[in-house]
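Nothing in this text is a laboratory measurement; each read-out follows from the coordinates by a stated rule. None of the values given here were measured: they were computed from a predicted structure. Cβ atoms come from the backbone with ideal geometry, glycine included; neighbour counts cover every protein chain shown.
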Amino acid sequence: MEETKRAIADELLREHEVERGIVRQLELLVEEGGLVGQESEWGRRMCDELSAFRRHLQRHFALEEEGGFMLEVVARMPQASEQVEKLRQEHGETLKVIDELIHDSSLLAYGTSLSLAELRNRILEVFSTIRRHEAEENELIQQIFYQEVSVAD
């Protein structure tokens, strides 16, 4: 049983690494940033890439919530229950913000007048939020699944 929980923790850490790679690629696309006359194409690409990233995040969040990670953290460290609840709520909030960014990217793709600079800043802001969120989860994973095992050994 303990090995299964450790395997889930290992999987979550790998997933966080994958997410960091996806975010780095998306940041490069943001930096390209829709040169004059190419805003529509950039909006299309960003819409597609954000949609794929959203699907990835949704699966990842489900693994954390339904896969038992969050329950296990609270069971082993009850004092973290408020932090775990905050992280769980951030899942839904993050997906909502990404939905808004997808929508706005699609507007740009279809030629709607939109502040490209503002959209780029909002996209970078959500990436910053995701990094902070994943760092908090990684810290919990380390505390619960790795330090506890080291002490027990």
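If only residues of the range 14-66 that are among the small types (Gly, Ala, Ser) and within 16 Å of the chain's Cα centre (by Cα) are counted, the one that is nearest to Val84 (Cα to Cα) is Ala62.
Within the range 16-31, the set of residues being free of Cβ contacts under 8 Å to residues at least 24 places away in the same chain and surrounded by 14 or more Cβ atoms within 10 Å (Cβ to Cβ) comprises Leu29 only.
Within the option set Ser51, Ser40, being in contact (Cβ under 8 Å) with a residue 60 or more places away in the chain and either surrounded by fewer than 17 Cβ atoms within 10 Å (Cβ to Cβ) or not in a helix (DSSP H, G or I) (or both) holds for one residue only, Ser40.
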